[in-house]
Every structure is written in structure tokens, then in C-alpha cells.
1. Among Ala2, Tyr36, Tyr407, flag the residue with its Cα farthest along the positive direction of the charge dipole of the chain, charges on Cβ as +1 for Lys/Arg and -1 for Asp/Glu.
2. Contact order normalised by length for the range 178-337, with contacts defined as Cα pairs under 8 Å and 6 or more residues apart; what percent is it?
3. Determine the gain in length on full extension of the stretch Ser405-Asp457; use 0.36 nm per residue of separation and subtract their C-alpha separation, reporting nm with one decimal.
4. Looking at the chain, which longest stretch skips every one of the GluC sites (Glu not before Pro) that is in a DSSP loop with at most 16 other Cβ atoms within 10 Å, leaving the sites themselves out?
5. Once R0 is set to 35 Å, what does the formula 1/(1 + (r/R0)^6) return for the Cβ-Cβ distance between His507 and Arg299, expressed as a FRET efficiency to the nearest 0.05?
6. Between the helical axis of 263-278 and the dominant principal axis of the chain, each derived from Cα atoms, what acute angle in degrees is found, rounded to the nearest 10?
7. Rounded to the nearest 20 debye, what is the charge dipole size of the range 80-191 about its Cα centre when +1 sits on each Lys and Arg Cβ and -1 on each Asp and Glu Cβ?
8. May I ask you to list the lysines whose Cα is less than 29 Å away from that of Lys120, ignoring any residue fewer than eight positions away on the same chain?
Amino acid sequence: MAWEQATSLDQLREGPVVFRSGPRQLALFLNGDETYAIDNRCPHEGYPLAQGTIDEGCVLTCNWHNWKFNLDDGRCLLGGDHVRHYETRVEDGQVWVNVADPPADEIQQFITEGLEKAFKDRDFGRICRELSRLHFHQLDPLLGVKLAIHWCHDRFQYGFKHCLAATADWLQVADRRDDWEEKLICLAEAIDHMSFDALRHPPYPFSGPAPYDRDRLLAAIEEEQSESAEAMVAGALEQGVTWEELEGVFATAALAHYNSFGHSMIYVYKAGQLVDRFGDEVCRPLALSLVRQLCFATREDLIPEFQDYGPALASYPSRLGDQPSCQDAPFPATIADALAWVAERAVESLPKTIHTSLLEALARNMLHFDITFQLAVDRHVQDNVSWLQFTHSLTFSNAVRYACSRYPELWPQGLMQMALFLGRSHRYVDLAAVAEDDWQVDDMQAFLEGAFQVILDHGLRDPIFSAHVLKTTVAVEEEVLAAGESRVPSLLPSLNRFLNSPLKQKHVRRLARQANELVSRDFTGD
């Protein structure tokens with residue numbers, strides 16, 4: 001223990017006393033015959049608790065925002081964060097305070113209990129404060145991210161969501177930040193997004209375990225038998241099946257269809273990054289959440305717009321050449337044209353070469369996106385297009401390169417699905433409206449650092465939008481480094497235009513008009 005003489009009982013009878021012990025400020029109170037000591041700074045915004053009000057029930061109120069604390073233990077009764085309480089004693093008219101820190105595990109438990117409460121309330125300010133408490137107590141703030149994965153993973157009725165994928169990207173950005181404030185932003189943003197997506201949702205328990213069989217698991221996913229698939233994944237983990245083996249199954253299932261506009265493949269990639277970082281601590285919650293998403297994913301290749309995908313994939317050449325070619329990527333005018341473009345080049349080109357060419361074409365489409373579609377309120381629902389439709393094509397391509405490099409048998413599906421993005425996006429492109437020279441990037445490193453600085457103070461209301469800005473920037477950086485800036489020259493300009501263009505977050509009139517038109521058909525006969 002580290003007892004320090006703080007004040008005299010006579011001084012305390014005259015009113016609260018502020019005692020300084022190193023960097024700490026303690027507020028000492030006398031209530032009846034009892035002495036109390038707590039941190040003087042209110043954990044909300046730092047106002048002095050010594051200037052608070054004590055009622056007869058030994059409750060201290062911070063007069064700035066009405067937060068209330070129990071002086072017996074520092075617990076917050078109204079507001080949010082608890083305040084630290086210190087043991088006191090009186091000897092010979094002098095008040096002594098024990099300023100020794102509790103054991104590290106006790107401090108960690110206290111902080112993580114507060115973080116869980118902040119997570120459940122989606123209290124961003126408190127999330128930041130609790131993470132900073134971990135940091136300044138020399139505990140690992142990444143613990144908060146790991147815990148948040150466990151707190152949210154079973155709250156998603158249809159499985160893995162953007163928040164988990166964005167967490168992998170936020171952590172990647174945090175790794176390169178030396179300044180604690182910037183690291184804090186990344187960790188808090190990740191936890192906040194998980195909190196947002198889980199908010200007010202009950203747990204949706206997972207099935208399991210059951211004996212694992214790779215082929216039966218793939219069949220269960222294909223047949224959308226979520227309970228059976230979850231049970232086999234749970235069984236696989238109990239049997240010691242590694243993430244590496246399961247990842248191959250997940251990647252195969254993700255590319256078995258044009259699943260959820262490419263989201264499934266992106267989720268497999270990002271889940272793997274989180275497992276690589278945290279290991280077995282997060283493997284189970286991520287694998288279960290992911291297999292549920294794969295079962296509920298929309299199979300967009302089954303809708304009429306993509307009817308050419310199945311035949312094109314079936315006719316994909318079984319033997320690929322080994323000479324790089326197709327350096328120039330055109331703008332195929334239709335989905336069928338884009339699929340044929342891939343099939344033609346597959347005879348003579350390496351898959352990675354085709355991937356690079358497709359990526360350049362997708363980036364050029366994004367660079368020339370006609371943003372009048374984003375602003376329009378009078379178009380058909382199928383033309384509800386925004387920047388996010390284009391950014392998805394790049395993040396999906398990023399995930400395809402990763403997965404197909406590890407599992408080469410999946411290249412046909414990956415490349416053909418990139419072609420679906422390419423053909424679909426063409427009708428939302430205006431080649432004449434955008435001057436490419438206006439968006440060229442002269443210094444890649446300076447541009448990307450500037451982009452990440454904007455992301456660190458994005459100001460976007462809902463996490464889904466900041467997540468897309470983040471994941472697109474991360475994907476572009478990875479792909480430029482993988483292929484070389486000269487081989488994908490439109491990537492950085494397309495990102496530049498995206499980051500400097502409006503991102504409409506709520507389509508009020510469009511949604512109201514389309515809802516009205518749909519419902520009215522049952523009454524007007526149109």
C-alpha cells in the first residue's frame with residue numbers, strides 16, 4: 001500500500017479538499033463522520049467533482065451534467081463511466097489516502113466492464129475513454145477490439161457484416177500510426193461500428209457441434225441450410241480443423257455464386273486477416289458468423305441481369321496459357337461483352353494478368369462514374385446507383401486476388417464475377433464528363449497519407465459510409481502495391497475523385513417516390 005497524508009480533518013470539515021498525488025487529483029469529502037476520496041476529474045468531461053453536491057444518501061452529483069456517483073465505491077449511478085475510489089483513514093486528526101494502484105487484472109476487469117457498457121449503449125465518447133484507460137494503464141487496447149468481436153458476432157441474424165470487415169482495415173491503419181490519438185481513433189471506430197450493427201439486436205444462437213465434412217459443408221451452404229452448416233463449422237473447430245482449411249471452403253462457397261454483390265468474398269478475406277492477427281481467440285465467432293452469412297447471401301447470378309454468367313463460366317477454358325497479354329482493358333458495353341472479353345483472354349493469359357487488366361477497367365469505370373445517377377430521384381429502382389456500387393468492384397477485386405492466389409482453382413469464378421461488375425457499371429459511366437488529368441496523382445505516398453488523415457476525421461454520420469471510404473482506400477493501396485502503379489494507372493485517380501466527391505447518405509425523395517410507385521400499382525393497375 002502507498003498511504004499519503006492528504007489533509008486534516010479540520011480542513012475537511014470546512015469543505016471538500018483537492019489533494020494532488022503526482023499527476024492525480026483527488027477530491028476528499030467529509031459526509032457525516034465518514035471520509036471519502038475519489039478522482040477529482042469527472043470521467044465524463046473532466047470537470048471538478050470537488051465542486052459537486054452531496055446528498056444525504058452519500059451520492060455525489062457533478063453539477064455540470066448531473067452525473068451521480070456513489071462515494072462508497074465510485075460507481076456511477078446516473079451517467080456513464082465510474083470514477084476511481086480510494087481507501088481513506090483518519091489518524092490523529094489527519095486524513096490519509098491509499099493511492100496504490102489495484103492489481104493489473106483488477107484494473108483491466110474494471111475497464112472492460114465499462115467498455116462493455118459503452119458498447120451496449122453505443123457511447124462513442126466512453127468507448128474512447130475506456131480504450132485510453134487501457135492504454136495509460138499499460139494494458140493492451142486491442143483487448144477491446146477482441147472483446148467487441150465476441151460481444152457482437154451472434155447479434156447478426158444473417159451473419160457477418162461490414163463492421164467486422166471494416167475492423168480488419170481499421171487495425172491495418174492503426175498498425176502504421178505512431179501517435180496514440182490516431183491509434184485510438186482506429187480502435188474506437190472499429191468498436192463503434194460493431195456496436196452500431198449489434199445495437200438493440202438479441203442474440204441469435206448458433207447451432208452445433210456436429211461432425212465436419214468438407215463436401216457436406218459446401219452442400220449445406222449451397223442449400224441454405226444454415227443450422228446444419230453452423231453445426232459442422234462448430235464441429236470442425238472442436239476437431240482441431242484450422243482456419244486455413246476452413247478458409248478454402250469459405251472462399252469456394254463465396255465464389256460459388258455472385259454472392260451479395262461480392263460481399264461474401266470480401267468478408268472471407270477480412271475474416272482471415274482478423275484470425276491472422278488474433279488467432280484462436282476470434283476464430284470461432286468469426287467462422288460461425290461467416291458461414292451464416294454465406295448461407296443467407298443473395299445469389300445475384302440467378303437474376304435475369306446476370307443470365308449470361310452461368311454459360312460463360314461453364315465454357316471457361318480449362319487450360320490457361322502462360323504469356324502475359326491484354327495490357328489494355330476496354331470498356332465492354334454489356335455484361336455479356338465483359339464475360340466474353342475474359343473468356344477470350346483466358347486462352348493465352350495468366351489469370352493474374354487478366355485480373356490486372358480487369359482491375360484497370362473497373363477503376364476507369366469508377367473514375368468516369370456519372371454522379372447524376374446518385375442524385376436522381378426519378379429513375380427505376382434498378383438504377384439506384386451510388387459511389388458504393390463502384391467502390392465494391394475494387395474491394396471485391398482486392399479480395400479475389402488474395403483468395404485466388406491461395407486457391408488457384410477459383411480464378412475462373414473470381415475473374416468472371418469481376419466481369420459482372422465491369423459490364424453492369426458501364427451504363428453508369430460518362431466518358432466525356434470527367435477530365436482524367438484533373439484527378440491524376442503525382443505523389444502516391446503523400447496522396448495516400450492525406451487520404452488516411454481525412455479518414456481519421458471523416459465526419460460521416462453512419463459507420464457504413466466511413467467503412468466504405470476506408471476499405472476502398474485500403475484496397476486501392478494494396479492493389480497498387482501488388483500490381484504496380486504503371487499497370488493500373490486509373491486506380492489512384494479513381495480513388496482521388498471518389499474522396500473528393502459528394503457521398504449522398506440518405507435518399508429521402510427517391511425512396512419515398514419508389515415506395516409510393518410500387519404500392520400504388522395494386523390500386524391503379526399500372
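1. Tyr407
2. Relative contact order for the range 178-337 comes out at 20 percent.
3. 15.3 nm
4. Free of exposed loop sites, the longest segment is 349-484.
5. Step by step, r from the Cβ atoms, then E = 0.85.
6. Computed tilt is about 40 degrees.
7. Using only the charged Cβ atoms, the result is roughly 500 debye.
8. Leaving aside lysines fewer than 8 places away in the same chain, those within reach of Lys120 are Lys68, Lys146, Lys161, Lys183, Lys270, Lys471, Lys504, Lys506.
The values are calculated or read from the model by the stated rules, or taken from the named source; none is laboratory data. All values derive from a computational prediction rather than experimental measurement. Positions of Cβ are backbone-derived with ideal geometry, glycine not excepted, and every protein chain shown enters the neighbour counts. Only protein heavy atoms, including side chains, enter the accessible area calculation; ligands, DNA and RNA are left aside. Shrake-Rupley method; radii C 1.70, N 1.55, O 1.52, S 1.80 Å.
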